Amino acid sequence: MTEQLQAQVLIVGAGPVGLTLAVDLAQRGIDVLMTEIRHRGEPPNVKCNHVAARSMEVFRRLGVAQALRDAGLPADYPNDVAYRTAVTGMELSRIPIPARRERYTATGGPDTWWPTAEPPHRINQIFLEPVLFAHAEATPGLRIRNRTRIDDFEQDDEGVWATGVDLDDGRAVRIRCQYLVGCDGSRSTVRKKIGASLHGTDVVGRVQSTYFRAPALLGLLKHPPAWATFALNPRRCGNVYAIDGRETWLLHNYLLPEETDFDSIDRDWAIRQILGVGDDFEYEVISNEDWVGRRLVADRFRDRRVFICGDAAHLWIPMAGYGMNAGIADAMNLSWLLAGRLHGWLAEGALAAHEAERQPITEQVSRFAMNHALALQRQREDVPEDIEAPGPEGDALRAARGQALYDLNVQQYCCGGLNFGYFYEGSPLIAYDGEAAPAYTMYEFTPSTVPGCRTPHLWLDDGRSLYDAMAMPGEGYTLLRLDPAIDVAPLEAAAAARGLPLRTLDIRASAATAVYDRPLVLSRPDQHVAWRGHAVPSDALALVDLLRGAAVVAAPTPEQERETSQ
């Protein structure tokens, strides 16, 4: 007997990306069904140790940021990144990152000056995902079906029929939805079914990872603990992440380019060289994983009513902690588009913006990550033989190498550019005005109101975050007005005529003029600038229609593309 279900949006995969997408959609009034093959409460793999500031801004709006802050490492555990000759060896340098107890109040560090109400949070996915799952379960309009696998789907003009199976009782499941989103990971069934393929660099590096328990390790450290500790010595290079801040750790052993066989490296020997401990040191392996770092991006993120996000759309070596976070950015880009379409205020053509905006950014960020991984690999391959030598010469060598490691890696661990600098270029839903967006690097950025950029964050004169003042679940665009004398009634009337949700927010912030060089800035629901000006445009309806995607030509299907190429 086949079980039949229905929802407006079906999300395949209940990892962090899928859960974030589902909660956001549900809070926007959309009926969401999620399917997940794992058991309820089954822990994820021990990975994804970093939640970026942009993701924390999302979680703040969704109402789950504080619960996430309260999870993971102890409140006073240093979130620093340390570079040493071994985990228990001599320290070369350290990147200071506040513990979560001081995260909101710390100043003077390389990522404490950022213009945001939500700085980053160091937390492993084994702690993060249960918090997100519980928040999702408590969200009205959202259902989660564990132990359900989606095997296939078919599309028609009105929606999607997805078919699968209940993995516990073997019963067939058939689901009718209007849109389907694959958040089903690197081996994505949804990606394969829409005819998308991954392209890029197949091998950036090989890594042996070991999740282990060692209660005695903290007591052996010669320096204060750190969230991440990199070990560089002539024998073996790797890094160790503190998972619970007490006894569990995740160690990555980076294989050399010529070491193409994982089994050729003695895992126990490598672990002891990275930790700097002898044969008498006791540890318990919880799990092992061998993996290949890649730089792969899908050639399409969509086929009509079916989309992909996260690892289903892109894979790269985890530098700058932006794998999961890029997936969350995908989800937030797609969520408001789907909600706007289902509520009727976006045209069907607006959905083309997801691929047009996210695919180029994903390609760019993946190259940032790959290039950084290769630069760090060169540092590992060039460790001096006398890096551990005692005396003044050894001290000078370690100081020089430590500074080089700091200069290189502060870019990825305090990556302001990746958080706040990226912009959407060539989007069909953005009214560009000819001014180029500021350049950015992994580390540096310039806040800007150029259309396509992140809406610059401000602290308002009344003490509120601008994003908090803008956050209205279910709402659409926010017109930020710095001069209340400007008449915006024609734009409000044009939006109302087309059903586009828009509200005007008068900004009172002494710091605004330093960044906001136009008195009117129109911010999208995902906090990207859609338009700016000194006055409402003469044809306000034309602007509203552009924002709605009313003039966008529908994307061709894979079959139509194949017919055209023949």
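Of all residues in the range 517-527, at least one satisfies being modelled with pLDDT under 95, more than 26 Å from ALA65 (Cβ to Cβ) and open to solvent by 70 Å² or more (accessible area, probe 1.4 Å). If you go through the range 148-171 one residue at a time, do you hit one that is in contact with a Pro (Cβ under 6 Å, 6 or more places away or on another chain) and more than 30 Å from LEU374 (Cα to Cα)? The answer is no, given that none of the residues of the range 148-171 is in contact with a Pro (Cβ under 6 Å, 6 or more places away or on another chain) and more than 30 Å from LEU374 (Cα to Cα). Taking the criterion of being part of a loop (DSSP other than H, G, I, E, B) and either crowded, with 16+ Cβ neighbours inside 10 Å or of a type in the set (Gly, Ala, Ser) (or both), the residues of the range 130-163 that qualify are ALA138, THR139, GLY141, ARG147, GLY159.
Among the residues of the range 497-516, those that are over 26 Å from GLY141 (Cβ atoms) and either open to solvent by 30 Å² or more (accessible area, probe 1.4 Å) or touching a Lys or Arg at 6+ places or on another chain (Cβ under 6 Å) (or both) comprise ALA497, THR504, ASP506, ARG508, SER510, ALA511, THR513, ALA514, VAL515.
From the list VAL173, VAL190, VAL181, the lone residue that is at pLDDT 95 or above, in a helix (DSSP H, G or I), out of contact with any Lys or Arg (no Cβ under 6 Å at 6 or more places or on another chain) and closer than 30 Å to ASN333 by Cα is VAL190. In the range 256-266, the qualifying residues are those that are under 24 Å from GLU385 (Cβ atoms) and not β-branched (Val, Ile, Thr), and the one that is surrounded by the fewest Cβ atoms within 10 Å (Cβ to Cβ) is GLU258.
If you filter the range 357-367 down to residues that are out of contact with any helix residue (DSSP H, G or I) (no Cβ under 7 Å at 6 or more places or on another chain) and not aliphatic (A, V, I, L, M), you find that the one that is nearest to TYR432 (Cα to Cα) is PRO360. Just to check your reading of the model, which residue among ASN253, ASN239, ASN233 is among the polar types (S, T, N, Q), open to solvent by less than 40 Å² (accessible area, probe 1.4 Å) and more than 29 Å from the chain's Cα centre (by Cα)? One residue alone meets the criteria, ASN233. Apart from one condition, THR107 fits all of (1) open to solvent by 10 Å² or more (accessible area, probe 1.4 Å); (2) over 30 Å from GLU289 (Cβ atoms); (3) touching a residue at least 24 places away in the same chain (Cβ under 8 Å); (4) over 22 Å from the mean Cα position of the chain (by Cα); the exception is (3). The condition of being within 19 Å of ALA369 (Cβ to Cβ) and in contact with a Gly (Cβ under 9 Å, 6 or more places away or on another chain) holds for ALA313. Inspect the range 399-415 for any residue being modelled with pLDDT under 95, out of contact with any Cys (no Cβ under 9 Å at 6 or more places or on another chain), closer than 30 Å to THR478 by Cβ and not polar (S, T, N, Q) and give the result as yes or no. Yes; the residues of the range 399-415 include at least one that is modelled with pLDDT under 95, out of contact with any Cys (no Cβ under 9 Å at 6 or more places or on another chain), closer than 30 Å to THR478 by Cβ and not polar (S, T, N, Q). From the residues in the range 95-104 that are within 17 Å of LEU68 (Cα to Cα) and part of a loop (DSSP other than H, G, I, E, B), which one is most open to solvent (accessible area, probe 1.4 Å)? So, considering only residues that are within 17 Å of LEU68 (Cα to Cα) and part of a loop (DSSP other than H, G, I, E, B), the one most open to solvent (accessible area, probe 1.4 Å) is TYR104. Selection over the range 215-230 of residues that are buried (at least 21 other Cβ atoms within 10 Å of the Cβ) and either of a type in the set (Asp, Glu) or in contact with a Leu (Cβ under 8 Å, 6 or more places away or on another chain) (or both) gives a count of 3.
With the requirement that a residue be open to solvent by less than 10 Å² (accessible area, probe 1.4 Å) and closer than 30 Å to THR85 by Cβ, what does the range 164-208 give you? Of everything in the range 164-208, those that are open to solvent by less than 10 Å² (accessible area, probe 1.4 Å) and closer than 30 Å to THR85 by Cβ turn out to be VAL207, GLN208. Of all the numbered requirements in (1) aliphatic (A, V, I, L, M); (2) in contact (Cβ under 8 Å) with a residue 60 or more places away in the chain; (3) surrounded by fewer than 24 Cβ atoms within 10 Å (Cβ to Cβ); (4) farther than 30 Å from LEU500 by Cβ, ALA369 misses one, and that requirement is (3).
The values are calculated or read from the model by the stated rules, or taken from the named source; none is laboratory data. If you're wondering where the values come from, they're calculated on a predicted model, not measured in any experiment. Reconstructed Cβ throughout: ideal geometry from the backbone, glycine too, with neighbour counts over all protein chains shown. Quick note on the areas: whole protein, heavy atoms, side chains included, nothing else; ligands and nucleic acids left out. Shrake-Rupley method; radii C 1.70, N 1.55, O 1.52, S 1.80 Å.
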